Amino acid sequence: MGSDDTVVSAARVSYLGESQGSYKDRKLIRYMMKHHHTSPFEHVIFQWKIKCPLFVRSQWHRHRTWSYNELSRRYTSDNIDFYVPIKWRSQDTENKQGSLWDFSDVSQSLRLRRYSLNALDYYNKLLEQGVAREMARMVLPQNLYTVFYGTVDLHNLLHFIGLRAEEHAQWEIRQYAIAIEEIIQTYVPVSKEAWDHFVR
Ligand SMILES: Cc1cc2nc3c(=O)[nH]c(=O)nc-3n(C[C@H](O)[C@H](O)[C@H](O)COP(=O)(O)OP(=O)(O)OC[C@H]3O[C@@H](n4cnc5c(N)ncnc54)[C@H](O)[C@@H]3O)c2cc1C
């Protein structure tokens, strides 16, 4: 909801003004971004429907300025699906939170798929025995996909991209942040360019 024009109109309401053409509007957006006049950027809203593994969801939901609603495994046992990476990374020994693309054991993917399906089998057996969904879900692994809606304003979305599209973020969440960054380029090109220039 909204665009670069929304940002400009929100800023110019101070004196009941509106857009003054693209050159002046761009200048105003760049001025606000440079000087941390952030509130006009909060009037552009993005809503995302995200399917991601649980461990990515955990990282994502640390961003408290988003509003979330998520699939609940207390309510449904449908559509169980697992993330199985094709490539594996080794532990970076210098950076505790880092990983390296030098791990070549492809058999790990097959093992993870088997492990996930065994967990699903255990889960289904628990349900068959009458165990509540809210308890049976304990046996499902971290690579289980979840789905959530996340709604956020442009200011806080840029903050999210700044933290999660950069190299210190885990590769998996980074792919989402990079995709989001590409998508918003279409909707708020001037604000995004100003953010890249002055904030990033
Ligand atoms: C590479 C990386 C590694 C991380 N590692 C860990 C880790 O090991 N353990 C861990 O627990 N977390 C970790 N985090 C999560 C991190 O600490 C933040 O919780 C997360 O990135 C959300 O950032 P944020 O609080 O700035 O965003 P948001 O929650 O969206 O908040 C945006 C801004 O609003 C303000 N704000 C929001 N809520 C409050 C509040 N309650 N009080 C004051 N100001 C507030 C702050 O200025 C904040 O920067 C990691 C994050 C990254 C990117």
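Here, each number is a calculation from the coordinates, and none is a lab measurement. Owing to the predicted nature of the structure, the values given are computational and were not obtained by experimental measurement. Neighbour counts are summed over all protein chains in view; Cβ atoms, including those assigned to glycine, are modelled from backbone coordinates with ideal geometry.
Brief remarks follow.
- Stokes-Einstein D (µm²/s) once Rh is taken as the Kirkwood radius of the chain over alpha-carbon pairs, at 10 °C in 1.306 mPa s: 81 µm²/s
- Note: relative contact order over segment 118-200, using C-alpha pairs below 8 Å and six or more positions apart, is 17 percent.
- Partners of Lys125 within straight-line reach, counting aspartates and glutamates whose Cα lies under 18 Å from its Cα and excluding those fewer than 8 residues away in the same chain: Asp78, Asp81, Glu134.
- For segment 1-69, averaging the sequence separation of C-alpha pairs within contact (under 8 Å, six or more residues apart) and dividing by the residue count gives a relative contact order of 37 percent.
- Bridging of Lys27 to lysines at a Cα separation below 26 Å is possible for Lys192, once same-chain residues fewer than 8 apart are set aside.
- Taking Trp195, Trp66, Trp88 and counting other C-beta atoms within 10 Å, the order from fewest to most: Trp88, Trp66, Trp195
- In the chain, the DSSP-assigned H stretches of four residues or longer account for a calculated mean residue ellipticity at 222 nm of -14500 deg cm²/dmol, using -39500 (n - 2.57) per stretch and the full residue count as denominator.
- Peptides 133-139, 11-17, 51-57 ordered by average Cβ neighbours within 10 Å, highest first: 51-57, 133-139, 11-17
- Percentage relative contact order, the chain, counting C-alpha pairs under 8 Å, at least six apart: 32 percent
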